[in-house]
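These notes concern the structure reproduced below.
The values are calculated or read from the model by the stated rules, or taken from the named source; none is laboratory data. Note that the structure is a prediction, hence the values are computed from the model and not measured. Reconstructed Cβ throughout: ideal geometry from the backbone, glycine too, with neighbour counts over all protein chains shown.
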């Protein structure tokens, strides 16, 4: 008996028991759909995280003050960083493209009869836009001369235009921040919401000296953080090393003593978040994969019932010259076809569910822009696994059928 005839016989047997075949594949459908959906959502989350980190700027490194201890108790961040540290990093670290000091404050921005409290009110350096890879939509950014002169100028995000100026052109207008008149000289390009739904355009930036001396009232050179951009992803490690060595020297920290600052690059954060999202996706996929095993057990049970019901048929086929391997392949093909059909349906259902989940997330979290990702390798693995489930769980019933004695099979009632 040829292999083609065996396949045809297996398909004919499945067509005769359509309802049984449908019920058999349901477990595989659910398993493949669950795995496809979870992998798609997990990869979408990973891509979203990577995109958000890239949105922070080009090859960004953060330097923050270290924490001090008093009486063995961890205290708040000490003011250990200065604006001159940022200047030194930009000038003396070859792997660094640009650096910007950062000082933050809070308060209301008032224009005419309107007022608004931005989520972020930052004092930064002239290279802030280069570090953040954030272009201007209109106007200009402040210069080194503005920083040196504590100039009362600012650049605003798109949200402030909608909340304060509406149809008025903001460029050249004067707003009041903590009773300090500040002139708007530029508008930042729209960024949109980040992955947790926070509006990135709800900010205003000013020279860091203006914030420190006119708003915070800090005469010292201390700042809250430094944001640095490396010259390339391949130089992130070198830039981090150069920054650390330079600050250790500038802060006169002896070898072996604890540094009074912390250096964190986005590559480490991206790697950590990638591991977290990947691990969660893997764990959920394993849990969803259990339903595939349950579906496989269902296939085995149905095939065992089928072998029992078709005992006389098996005996007749063997009496007419069918070999044991023909019977084995017939039942194996039936189980593989069942799992394969279930895999295809599950793949389509999982893709549809992924699209629905993506739409729901983006609807209830406006601006999140959760990406829809269908992984071709994951789909191929799922289909291969579905076929493997059919072969694995169909082997025992098929082997049992192939080992039957033709005389005993013909006598079976």
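Counting only strands (runs of 3 or more DSSP E) that fall entirely inside region 134-228 and contain at least 2 residues that are outside the structural domain of residue 47 (by TED's automatic domain parsing) and within 38 Å of the chain's Cα centre (by Cα), the qualifying elements are 136-139, 153-156, 180-188, 203-207. Checked against (1) in contact (Cβ under 8 Å) with a residue 12 or more places away in the chain; (2) surrounded by fewer than 15 Cβ atoms within 10 Å (Cβ to Cβ); (3) farther than 29 Å from residue 94 by Cβ, residue 167 passes all but condition (1).
In this structure, does residue 107 turn out to be touching a residue at least 60 places away in the same chain (Cβ under 8 Å), in the same structural domain as residue 213 (by TED's automatic domain parsing), on the phi > 0 side of the Ramachandran plot and surrounded by fewer than 22 Cβ atoms within 10 Å (Cβ to Cβ)? So residue 107 fits the description; yes. Looking only at residues of region 285-321 that are outside any helix (DSSP H, G or I) and either at pLDDT below 70 or touching a helix residue (DSSP H, G or I) at 6+ places or on another chain (Cβ under 7 Å) (or both), we find that the one that is farthest from residue 35 (Cα to Cα) is 320. Listed by position, the strands (runs of 3 or more DSSP E) enclosed by region 40-101 that each have at least 2 residues that are at pLDDT below 80 and either surrounded by fewer than 20 Cβ atoms within 10 Å (Cβ to Cβ) or touching a strand residue (DSSP E or B) at 6+ places or on another chain (Cβ under 6 Å) (or both) are 67-70, 73-77.
Criterion first (part of a helix (DSSP H, G or I) and under 18 Å from residue 229 (Cα atoms)) does residue 129 satisfy it? The answer is yes for residue 129.
Of all residues in region 229-241, those satisfying the criterion of being farther than 16 Å from residue 100 by Cα and part of a helix (DSSP H, G or I) are 233, 234, 235, 236, 237, 238, 241.
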